[in-house]
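Input: a single structure, listed below in structure tokens.
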Amino acid sequence: MHDRGAKGDRGAARHHPPDARALSLTGKVTVSHVFCLPGLTDGELGALAAELGDLDIALTTVAPSDSLVLPIARLREHGVRVGLGSDGVRDSWSPFGNADMLHRAHLLGWVTDVRLDEELADCYRVATHGGADVMGLAHADLRPGAPADFVLVRGECLPQVVVDMPRRDMVVHGGAVVARDGELVGRSRPE
């Protein structure tokens, strides 16, 4: 939903909850972008967020700018699952997407002007766990039974990694190393 202001508020943002209820789609609807939400008054946002939470309608954002990013913390207060994604991966929509979720966490922090360690860690969490929450998947973390999907980077702490976006030393997916030092494993280098 790219409509902003009153047009967006009158549009799909107000239609999805009744549609989800009428069609018995509770927990099965995800709406992306929803650019009208940041422009709602506090009362309007609270009411809509409560309804979205009650119907378990998930939202996603790409954090395109400070005026268009979803009010993630406020939505989560109402139980709304919020994911962060990368849009327009080198396509006609936008050539600037790269599907790198660490980069997207960095952009979320930048456009929302966060500064504190916990705020930067929250940007990381919505980038890593938010998408899993939206899709109903297990969190990929370092606990027994968790998916063996992770990225190794050099850094002193999580907030520093979000800010600096260090090179990915190793990428592991499903327990198998798929990339080292920024190169796919088994991929021949161009000559």
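The values are calculated or read from the model by the stated rules, or taken from the named source; none is laboratory data. Since the structure is predicted, the reported quantities are computational estimates derived from the model, not experimental observations. Note that each Cβ is placed from the backbone with ideal geometry, even for glycine, and that neighbours are counted across all protein chains shown. Accessible surface areas use protein heavy atoms only, side chains included; no ligands, DNA or RNA. Shrake-Rupley method; radii C 1.70, N 1.55, O 1.52, S 1.80 Å.
Can you name the number of the only condition in (1) in a loop (DSSP other than H, G, I, E, B); (2) among the hydrophobic types (A, V, I, L, M, F, W, C); (3) at pLDDT 90 or above that Ala47 fails?
(1)
Would you mention how many residues in the range 140-154 are free of Cβ contacts under 8 Å to residues at least 24 places away in the same chain and surrounded by 14 or more Cβ atoms within 10 Å (Cβ to Cβ)?
Qualifying residue count for the region: 2.
Can you confirm whether Asp164 is open to solvent by less than 80 Å² (accessible area, probe 1.4 Å) and either touching a Phe, Trp or Tyr at 6+ places or on another chain (Cβ under 7 Å) or farther than 19 Å from Ser32 by Cα (or both)?
Against the criterion (open to solvent by less than 80 Å² (accessible area, probe 1.4 Å) and either touching a Phe, Trp or Tyr at 6+ places or on another chain (Cβ under 7 Å) or farther than 19 Å from Ser32 by Cα (or both)), Asp164 does not qualify.
Determine whether Asp181 is over 24 Å from Asp87 (Cα atoms), surrounded by fewer than 16 Cβ atoms within 10 Å (Cβ to Cβ) and at pLDDT 95 or above.
Judged against the criteria, Asp181 is not a match.
In the range 60-94, what residues are open to solvent by 60 Å² or more (accessible area, probe 1.4 Å), free of Cβ contacts under 8 Å to residues at least 12 places away in the same chain and assigned to a loop (DSSP other than H, G, I, E, B)?
Answer for the range 60-94, where residues must be open to solvent by 60 Å² or more (accessible area, probe 1.4 Å), free of Cβ contacts under 8 Å to residues at least 12 places away in the same chain and assigned to a loop (DSSP other than H, G, I, E, B): Arg90, Asp91, Ser92, Trp93.
Is it true that some residue in the range 103-120 is closer than 28 Å to Thr26 by Cβ, under 11 Å from the mean Cα position of the chain (by Cα) and open to solvent by 30 Å² or more (accessible area, probe 1.4 Å)?
No, there is no match, as no residue in the range 103-120 is closer than 28 Å to Thr26 by Cβ, under 11 Å from the mean Cα position of the chain (by Cα) and open to solvent by 30 Å² or more (accessible area, probe 1.4 Å).
Looking only at residues in the range 18-37 that are buried (at least 19 other Cβ atoms within 10 Å of the Cβ) and part of a helix (DSSP H, G or I), which one is modelled with the highest pLDDT?
Step by step, filter the range 18-37, then rank; the result is Leu37.
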